[in-house]
1. In segment A:95-109, what residues are open to solvent by 10 Å² or more (accessible area, probe 1.4 Å) and in a helix (DSSP H, G or I)?
2. Quick check, is residue A:283 facing chain C (nearest Cβ under 8 Å), under 25 Å from residue A:23 (Cα atoms) and out of contact with any Phe, Trp or Tyr (no Cβ under 8 Å at 6 or more places or on another chain)?
3. Are there strands (runs of 3 or more DSSP E) fully within segment A:139-194 with at least 1 residues that are within 18 Å of residue C:230 (Cα to Cα) and among the basic types (Lys, Arg)? List them.
4. Sort out which residues of segment B:348-379 are surrounded by fewer than 18 Cβ atoms within 10 Å (Cβ to Cβ) and closer than 30 Å to residue B:404 by Cα, and write them in order of number.
5. When the residues of segment B:215-229 are filtered to those that are under 18 Å from the mean Cα position of the chain (by Cα) and open to solvent by less than 10 Å² (accessible area, probe 1.4 Å), which remaining residue is nearest to residue B:99 (Cα to Cα)?
6. Could you tell me how many of the residues in segment C:90-139 are under 16 Å from residue A:81 (Cβ atoms) and in contact with a Phe, Trp or Tyr (Cβ under 7 Å, 6 or more places away or on another chain)?
7. If you go through segment B:319-326 one residue at a time, do you hit one that is assigned to a helix (DSSP H, G or I), at the interface with chain C (Cβ under 7 Å from one of its Cβ atoms) and either modelled with pLDDT of 85 or more or within 28 Å of the chain's Cα centre (by Cα) (or both)?
8. Counting only residues that are open to solvent by 10 Å² or more (accessible area, probe 1.4 Å) and in a helix (DSSP H, G or I), which one in segment A:111-134 is nearest to the other protein chains (Cβ to nearest Cβ)?
Amino acid sequence: MKASGIWILAEQKGGKIADVSFELLTRGIKLSEERGCELAAVILGKDLSDADLQELIDRGADRVICIEAEQLDHFLVEPYSNCLLELLGEERPEVLIAAATSTGRTLMPYLAIQANAGLTADCTELSIEKDTGNLLQTRPAIGGNIMATIKTPEHRPQMATVRPRSAPPATRHKGRSGPIERFKPSEGSLGSRVKRLSFLPDADEKPLGDAGVVVAVGKGIKKAENIAIVKELADALGGALGATREVVDRGWLSYPHQIGLSGQTISPKLYVGVGVSGTIQHLAGMQTSEVIVAINNDPEAQIFKIADFGVVGNLFDVVPAMVEKLKAGRGMV
Amino acid sequence: MTDRTYSPVTNEILQELKAIVGERYVIAGDDDKLEPYSHDEVKGEQYAHMPECVVRPRKAEEIAEIMKLANREHVAVTPRGAGSGMSGGAVPIEGGIVLLMDRMNDIVELDKENMMITVEPGVVANDINEYLAEYDLFYAGYPMSLETCFIGGNVAENAGGGKAVKYGVTSRYVLGLEVVTPTGEIVELGGKLIKDVTGYNMIQLMVGSEGTLGVFTKIVLKLMPLPKSQVDLLCLFDSAEQAIECVPQIMTRSGIIPTAIEFMDRTAVRAACEYLNESIPYEQAGAMLLITVDGPSEEQVEHDYMQIGDQCMEAGASEVYVADNSTTSERVWKVRRNIGEAYNVISKRQCAEDIVVPPACIPAIVGKLGELSEKYDVMMPCFGHAGDGNLHARIVSPPEWSDEQWEPVAEKILNELYKFTAQCGGRISGEHGIGHKRKKYMSYFVSEGYLDMLRAVKRGMDPNNILNPGKIFDLQGKA
Amino acid sequence: MANKIVVPIKQVPETKSVKMDEKTGTVIREGVDSIVNPLDLYAIEAALRLRDRYGGEIVGISMGPKKSVKALKEAVSMGVDSAILLSDRAFAGSDTWATSLILASAIRKIGDFGLVVCGERATDGDTGQVGPGIASFLGIPALTYVSRIQDLSDKLCRAERLIEDGREILETSLPAVLTVIKEAGEPRLPTLRGKKRAKDLDVQIWGNDELGIDPDKIGLKGSPTRVVKIYRPKVARKCTIAEAKDEASVGPAVDRMCGFLADKGVLQ
């Protein structure tokens, strides 16, 4: 079977390309170099501007395929899956990778079944096997206790979702050029039995999954009112506020803040645990963070075992002191 | 005891102590470092007292030398385990030396054939069972603080805890002790014997002596086969009376002794559930029982819990929840274990009580607590080991009260509560001990003749009153 | 609404008790407690709430070895009406593609369902692929990350879906697959009555004889993906500790921490 390269599935929100797409390009550039083939970025939406699509080229795509229709403005699983399936059938790419976002993690398994393709979820490493050209997909499993490397020897495309923030965004190189192909899908592909009635955006809170810095608060905070001091630290660091299961269970913060087995898995550049003891369930959701620091008054707390830097002390003293220091030092660092 | 009856720990004494245990194992002259040893888990500064030095011995011989030195120089010595006590027993109220047992933390020997284990006093209670798990054995002691408390402290306080209904308290499992006496002799008591009547039962005297009669340096514990299966039942009742009345019936009618029967009244349940944001329908429950059943097989335990569950339903339980895996078990026990924490968040000022009454009197005590709570307008959640008559009432100050408002009221409530407990044939402490916190109330519960006996024992064994002075009772007659 | 709500349930090792063989780098399964996938409990709870509100019947299904009956019985003791275990040597080694096919085939055989309610993912495999996979095989819509089911009628279901930057309200025709998250409701505890019912209930066991799937499409043979290597992640972190036990040491400890963060280039 002749295959035509590596595809990444870019995402857009309200016509703007989502940052996670550029992380996928970083993955895609590496794979297309290893495989010696073309890298294409596929995107679905409506009214995407040439300038925006050119950014995908600037950041490393050799080619952009834009599938456009009114019905593709927001993610809906059936039209998204149908449109891609149509395209996959025509173009037969070797590899299709998407982000492990709420969109990617819904669309890809739906599509993989239709395409009779293998799919690996939430990968943290991707490479090409030298002799066979197969995609090697490595992902954490069992709460991060093991890493598994998976391949799909006989089915094409080889599909994978990639954990957001597990690679840096590809850098922009002005002057790159490549075709931007716009497709109008067939009416038959656009039908959806699901209707999107409305959307309620989060008022002012930063989404956890996209955040480069996450400050997580644990049971050590003692009560809901105290969370304000951790929020201040998150603000001072320009990060999002996360929480352990315990804190969410007690109703001190809402579920979208929860990190861990029954919450979100994050890989920020910096994770700060405040009064977090580090249960295995929590660690499963954050141990791939790049830099981990922790503040806890118990020197035996598990979190210190996986942290890079720890302050053993009372969080009610340490956190305000840190906020003050960060505010004072802003612009100096 | 305000007048100073003991000599200070002089530089010369410190040098001698350092010579005995090694320089790095003596803490002195730094208030920050000594402060943690000035109190245990009892809240309130009036119960704290700074030691002059902390000594961390490694061997019985070192302790013997320390005791001889203390007798010669007339310096008080207070033994201390993990400091998780609830009665101020490890607080050096006469200053002097705190004898910290944390370095004596070896598991000396597991004797599988005799089903016994020999441990040093500084072993954390829970570590014994973690060590034993692979041998399918377990030690039945189960204080609520088991992840921190030392086995030596458990023996000194004769700790009870959650599993006493079926397994009894610590004393049942202590077969042998190596003890350093208050005058510095090393004596072996008992041994690996199930039966032993050679002389007075000194082991039972030592167990629960609150560190006043000797320092334990080795402890031989009897072990049990590890139960293969365990199930918890959370039973909701309309009223406290209904729940309590059900307790004896569980055992008499089903013929099964559960491992634990914990009682929680409406106030306690509500605070814990609100604190935990727990969704079980606690608001409709007047009280809850948390019943644990364990046994050698899943089938046996299933049979037992269904019988007990049926008894509870017949006794009027509105619902019985079954937790048979670690997730659900953790969820129901969390309610019980977080009552204290929930109230710690509500108010800083509170008394944690440990009254014990004949099990049938629990409804009367629960009623009395309700009455006192209304009369003085304070929160008095009531929870505890209903199966054995041991209740942990808390008397919680309204958060907005000051110390000056709170203390006289607390004093009045305790007076009334203790008098009522005595009328029921109860005692002031089921498992936390008297220490110095409850000393002044001893006379409500025991006769002068009884106290004289205790004094005679203490004088006979510790003529200079060196070891943990000022605890349980005052030595000078009717002081 | 259609009669049945189907809830797929997975038995998983309890994460807390998962141990690794340091030498071989494999997971020790022996002596590890098996539990109902914690996220499936939310699916069970969501289904029970729907039944409480709208009536109907809940069928729990699970694919796995015979001992997975225990997980199904746990679901029954919470209030699920009946249970079917999909157990066959031919199913062993299935990846998410083949697993989705087997579950979808069973659900088709059960028939007359309005909703399939799944946990968002399982805590062992952690893929979250089987829910949408089932929908895809059944050719029906999938609503993922559902936080609240607002309304259900004979033909429609309206639900709230939690995504990165907010909440979508979606309406789908029935039948449909929903995967739910924790916000769908704290699972109720099993009751004594439920335990008794579960004890007496016979869990039906279906193998491939009952489902009649092409043997080339299930098990290891039918799975597009292959695990080529399993290893322990490198934990190369060494924690530098700064003590901040009293007032005097808080300042220096915070200075060191901020210095560390600056060195790592993670301060803005």
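1. Within segment A:95-109, just A:105 meets the criteria.
2. Here the answer is no, as residue A:283 does not meet what is asked.
3. Details: elements: A:146-151, A:158-162, A:180-183.
So the answer is A:146-151.
4. Answer for segment B:348-379, where residues must be surrounded by fewer than 18 Cβ atoms within 10 Å (Cβ to Cβ) and closer than 30 Å to residue B:404 by Cα: B:348, B:367, B:370, B:371, B:374, B:375, B:376, B:377.
5. Of everything passing the filter in segment B:215-229, B:215 is nearest to residue B:99 (Cα to Cα).
6. Here the count works out to 6.
7. The answer is yes; a qualifying residue exists.
8. Ranking the qualifying residues of segment A:111-134, first place goes to A:113.
The values are calculated or read from the model by the stated rules, or taken from the named source; none is laboratory data. This structure is a prediction, so every number in the text was calculated from the model and none was measured. Every residue, glycine among them, receives a Cβ derived from its backbone with ideal geometry; neighbour counts consider all protein chains shown. Ligands, DNA and RNA are excluded from the accessible area calculation, which covers all protein heavy atoms including side chains. Shrake-Rupley method; radii C 1.70, N 1.55, O 1.52, S 1.80 Å.
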